[in-house]
1. Note down the relative contact order for chain B as a percent, whole number, built from C-alpha pairs under 8 angstrom at least six residues apart.
2. Determine the shielding of peptide A:30-39 by partner chains: average, over its residues, the number of Cβ atoms on other chains within 10 angstrom of each Cβ.
3. Over the Cα atoms of chain B, each weighted equally, I'd like the Debye log10 I(q)/I(0) at q = 0.11, 0.19, 0.22 Å⁻¹, rounded to two decimals.
4. Running Debye on the range A:13-111 with equal point scatterers at the Cα sites and no solvent, what base-10 log of I(q)/I(0) appears at q = 0.10 Å⁻¹?
5. Under a 10 Å cutoff between Cα atoms, tell me which one of A:50, A:18, A:77 has the largest fluctuation in the Gaussian network model of chain A.
6. Stretched out fully, how many nm does the piece from residue B:107 to residue B:80 gain, at 0.36 nm a residue minus the Cα gap?
7. Please compute the average number of Cβ atoms from other chains found within 10 Å of each residue's Cβ in peptide B:88-98.
8. Relative contact order for chain A using alpha-carbon pairs under 8 Å, separation at least 6, rounded to a whole percent?
Amino acid sequence: DQQVKQNSPSLSVQEGRISILNCDYTNSMFDYFLWYKKYPAEGPTFLISISSIKDKNEDGRFTVFLNKSAKHLSLHIVPSQPGDSAVYFCAASAGFNKFYFGSGTKLNVKP
Amino acid sequence: DAGVIQSPRHEVTEMGQEVTLRCKPISGHDYLFWYRQTMMRGLELLIYFNNNVPIDDSGMPEDRFSAKMPNASFSTLKIQPSEPRDSAVYFCASSIYNEQFFGPGTRLTVL
């Protein structure tokens with residue numbers, strides 16, 4: 001059973017608008033969360049992370065929000081750019097470097 | 001640093017053949033991970049090593065899969081015998097803290 005779920009396989013957004021990617025998890029022991037970005041024919045690359053002691057972390061156009069009570073995290077991209085078009089994976093860990101990944105959301109930012 | 005190196009990038013083989021995937025982690029990283037990406041299940045962790053020692057192989061699907069890390073700079077994932085359902089992209093990643101660095105992946109096709 002998947003402990004990290006990304007229920008939207010794809011998302012299409014107009015350039016300049018906000019992209020919101022969502023992720024849900026089931027394990028209340030998860031205390032560290034990351035988002036990875038993946039372009040075709042490349043490996044995933046780290047984008048942004050958040051610890052469970054925070055509810056928000058911001059890095060430029062990217063902000064991750066964590067709602068522990070709902071076991072939900074989201075990635076906001078503002079403003080969205082065509083170069084942001086990629087597959088986004090969320091991942092969660094309860095320590096020991098073992099991460100559980102979601103199935104990914106393919107973001108398409110239209111010019 | 002060249003990043004995580006994987007070989008081959010593409011492998012096409014016939015059912016029943018042995019397949020060996022190779023990985024060179026980033027120098028100095030003490031964790032190494034093998035993942036499999038499929039459309040249905042996203043990124044699945046197969047096995048990971050710490051200081052060349054296998055820590056968790058609970059994700060290895062069957063006894064047909066085996067992984068080794070004979071030294072800090074090399075790891076292999078072997079499938080013997082291979083089956084069509086093993087067709088996927090296999091990623092190797094390494095880390096020293098919480099951020100994992102992924103290789104470009106090996107696309108395996110078993111006919």
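What follows is calculated from the coordinates using simple rules that are stated; it is not laboratory data. Because the structure is a prediction, the values reported are computed rather than measured. Positions of Cβ are generated from backbone atoms using ideal geometry, with glycine treated the same way; all protein chains shown enter the neighbour counts.
1. Taking the mean separation of contacting Cα pairs over the length of chain B, I get 37 percent.
2. 1
3. Reported log10 I(q)/I(0), two decimals: -0.30, -0.92, -1.22.
4. Calculated log10 I(q)/I(0) at the listed q: -0.25.
5. A:18
6. Using 0.36 nm per residue and subtracting the Cα-Cα distance, I get 8.1 nm.
7. 2
8. RCO, chain A: 38 percent.
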